[in-house]
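The values are calculated or read from the model by the stated rules, or taken from the named source; none is laboratory data. Predicted model only: the values in this text are computed from it and were never measured. Neighbour counts are summed over all protein chains in view; Cβ atoms, including those assigned to glycine, are modelled from backbone coordinates with ideal geometry. Just the protein is used for accessible areas: all its heavy atoms, side chains included, with ligands, DNA and RNA removed. Shrake-Rupley method; radii C 1.70, N 1.55, O 1.52, S 1.80 Å.
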Amino acid sequence: KPLGETYAAILSAWKTSKTALSPAVHTNNVMANFVMADWHDVTAGHILKSLRIILGASQREGKGLIGRAGNGLSRAGIADAEAAREVVSRYLDSGANLGSWVTAELQKEQLEPLLKALEKELGTVGESQGGQVGVMVALQKALQLRFPSAWESFKPTRAGKAVTTEAGNLIDLYEAEDQVFRLAAWLKAKEDGSSDLAAGKVARRSFLDYHINAPWVQALRSTALPFISFTYRSVPMLLEVA
């Protein structure tokens, strides 16, 4: 401390911006999932069915541009929302979503409390900052190279809220992109007669499982090779399929 903590925070922020906040990586992620789906005989029909179930199960409570777009798209889901939520619930209970990139790499259980704390802070604008909020204050502090204070002053502004909202939406979208394909693999396994738990194992094996305990991989992921987990999981899968 504080060097290790600071480095970890910077690395985490960089990895998030390089992946979940990058439209190009969203495209790469979807296309990679299509390839892995084909490797495991998950068809376009399964993917379409999965997408309609997830859209049908949506609560339509998204905020921001991406969130509102998702609210509109959810109307294309299956009409029976309760049935869709029941399928999604069984899928989640089977453990099929364990080891997804957002869950394992971003450690969502840590991100969600931070986002909630941020929302709570934004709800008390003028109190936590002593009234010194706004773009002008943020710019003044940035010019003084007081970047943490500048960001704290910028967050409660309308632009700051938009940035944090859309960033959260992009992270959720990245997770949803993976879940569509994992649910598709789960549905295929169910069609083949598997139990829910067995189908969950198939879904995890069909796509990259980022839940990794190997200490040397964890060490490399925190230092010289931050994305080693992708190679660590994808190369054995490629060899097995070949």
Has region 76-84 got any residue that is crowded, with 16+ Cβ neighbours inside 10 Å, under 17 Å from the mean Cα position of the chain (by Cα) and either part of a helix (DSSP H, G or I) or at pLDDT below 75 (or both)?
no
Output for region 179-202, where each listed residue is over 20 Å from residue 34 (Cα atoms) and in contact (Cβ under 8 Å) with a residue 40 or more places away in the chain
196, 197
Among helices (runs of 4 or more DSSP H) lying entirely in region 1-61, which contain 3 or more residues that are open to solvent by 30 Å² or more (accessible area, probe 1.4 Å) and more than 21 Å from residue 234 (Cβ to Cβ)?
3-18, 44-57
Please specify each residue of region 52-69 satisfying the condition of being at pLDDT below 85 and not charged (D, E, K, R).
59, 62, 64, 65, 66, 67, 69
Of the conditions (1) crowded, with 19+ Cβ neighbours inside 10 Å; (2) modelled with pLDDT under 65, residue 187 clears all except one; give me its number.
(2)
Which residues, counting only those in region 203-242, are more than 21 Å from the chain's Cα centre (by Cα), without any contact (Cβ under 8 Å) to a residue 24 or more places away in the chain and closer than 16 Å to residue 39 by Cβ?
235, 236, 238, 239, 240, 242
Which residue is nearest to residue 10 (Cα to Cα), if the candidates are limited to region 206-242 and must be open to solvent by 30 Å² or more (accessible area, probe 1.4 Å) and of a type in the set (Gly, Ala, Ser)?
222
Close pairs from region 66-92: first in contact (Cβ under 8 Å) with a residue 40 or more places away in the chain and more than 14 Å from residue 179 (Cβ to Cβ), partner among the charged types (D, E, K, R) and part of a helix (DSSP H, G or I), Cβ under 9 Å, at least 6 apart:
66/166; 66/172; 67/166; 67/172
So, in region 215-242, how many residues would count as being part of a loop (DSSP other than H, G, I, E, B) and of a type outside the set (S, T, N, Q)?
5
